[in-house]
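A short write-up of the structure that comes next.
Every number in this text was worked out from the coordinates using simple rules, so none of it is lab data. Since we're looking at a predicted model, the values are computed, not measured. So basically every Cβ, Gly included, is an ideal-geometry build from the backbone, and we count neighbours across all protein chains shown.
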Amino acid sequence: MEFNNILTEKEENIAVITINRPSKLNALNRETIRELHEAFDVLDKDPGVRVIIVTGAGPKAFVAGADISEFSEFSVDEGALLAAKGQELLFDFVERLSTPVIAAVNGFALGGGLELAMACHFRVASDNARMGLPEVTLGVIPGYGGTQRLPQLVGKGRAMEMIMTGGMIGIEQAHLYGLVNHMVAQEELLPFCKKIASKIAANSPKAIATAIKAVNAGFSREGYREEVKAFGACFGTGDFKEGTTAFLEKRKPEFKGK
Ligand code: COA
């Protein structure tokens, strides 16, 4: 498979997808989301692939979020559509794949990056990983499932604090929270994930696919629909204009009162 923003490789029955825009810290622009959709789809349908690992290129970032430069001018409707399309093409799509997906978090996993890691079936991270949902610092909320999956994984109070502060947590805290299953040295990250993947690959793919469906069935879809609407509504606010403009101008935002 040939792509502009991602790389794919297969070693025996394990596939690795690498998001490859290191100069933009692997930020997810629309083309990358489309390419990821296609790669996940093809690999999921490939009977020779039993596990997919997704990681980021370079030593610094898994994914530093959705590409802010692409949506700073969007309207309310365009904002809602952005979230709905992204959820459908990538985040829900990955969560519902029959093939197990492991996120190998090799650095910053922020905003859409953490949301992608959380949509994977589980996460392993390297010791330099930093995770957070900084959307409120931009005047918006997480729109790729973050308001739903973060509380599912770490509990409501911890999720509220992370979403409200927009701050980052380090690997120790992420491990303590249960956001990542394992923490390993950066050079060990892929070998470690491949070791878990080979254990999974020895088990019944049909049973695993059924288990994924059963686990997912335990979580309501309602919150995701609410998130899309609420995310879109943020695009109509002055805070959103100020937050995204400040990021692109590399300055601190000045938000108005309530
Ligand atoms: N969207 C678009 N571009 C992004 C990006 C994003 N989410 N995250 C990083 N980039 C770009 C930067 O604009 C910069 O591009 P430039 O070199 O053309 O100016 C490049 O990636 C490197 O990032 P930089 O900010 O210079 O690296 P840093 O080490 O100083 O800071 C971060 C790293 C992750 C703290 C910082 O990039 C950041 O805060 N990113 C945005 C995180 C975010 O808010 N994500 C949620 C989006 S909804």
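Worth a mention:
- Counting charges near TYR177 (Lys, Arg +1; Asp, Glu -1) among other residues having Cβ under 14 Å from its Cβ returns a value of +3.
- Relative contact order of the chain: 21 percent, from C-alpha pairs under 8 Å at least 6 residues apart in sequence.
- In this Cβ point-charge picture (+1 for Lys and Arg, -1 for Asp and Glu), the range 6-187 has a dipole of about 380 debye about its Cα centre.
- The residues ILE6, ILE200, ILE33, when put in order of fewest to most other Cβ atoms within 10 Å, stand as ILE200, ILE6, ILE33.
- The DSSP beta bridges internal to the chain are antiparallel in roughly 30% of cases.
- In the chain, the DSSP-assigned H stretches of four residues or longer account for a calculated mean residue ellipticity at 222 nm of -13500 deg cm²/dmol, using -39500 (n - 2.57) per stretch and the full residue count as denominator.
- Neighbour-count ranking [beta-carbon atoms within 10 angstrom, fewest first] of PHE219, PHE192, PHE62: PHE219, PHE192, PHE62
- Filter on LYS85/LYS241; LYS24/LYS241; LYS60/LYS252; LYS85/LYS199; LYS156/LYS206; LYS60/LYS241 - keep pairs with C-alpha separation over 25 Å: LYS85/LYS199; LYS156/LYS206; LYS60/LYS241
- Dipole magnitude (debye, nearest 20) for the range 153-224, charges at Cβ of Lys, Arg, Asp, Glu: 420
- Neighbour-count ranking [beta-carbon atoms within 10 angstrom, fewest first] of MET164, MET131: MET164, MET131
- Local electrostatic count at ASN13 - Lys and Arg +1, Asp and Glu -1, tallied over other residues with Cβ under 10 Å: -1
- Projecting the Cα atoms of LEU153, ALA15, GLN173 onto the charge dipole of the range 6-187, computed from C-beta unit charges around the Cα centre, puts GLN173 farthest toward the positive end.
- Between amide H atoms placed 1.01 Å from N, distances below 5 Å from ILE53 occur with ALA15, VAL16, ILE17, ILE102, all of them 5 or more places distant or on a separate chain.
- Charge context of ILE141, other residues only, Cβ under 9 angstrom, K/R +1, D/E -1: -2
- Degrees between helix 222-234 axis and first principal axis of the chain (Cα, 0 to 90, nearest 10): 40
- Remark on PHE108: its backbone amide H falls under 5 Å from those of ALA61, PHE62, ARG130, a criterion applied only to residues 5 or more positions apart or on other chains, H modelled at 1.01 Å from N.
- Rh by Kirkwood over Cα pairs, then Stokes-Einstein D for the range 181-258 at 0.890 mPa s and 25 °C, µm²/s: 140
- Using the empirical formula 2.2 N^0.38 Å as the baseline, the Cα radius of gyration of the range 6-187 reaches a ratio of 0.95.
- Quotient of the Cα radius of gyration of the range 116-258 and 2.2 N^0.38 Å, N being its number of residues: 1.23.
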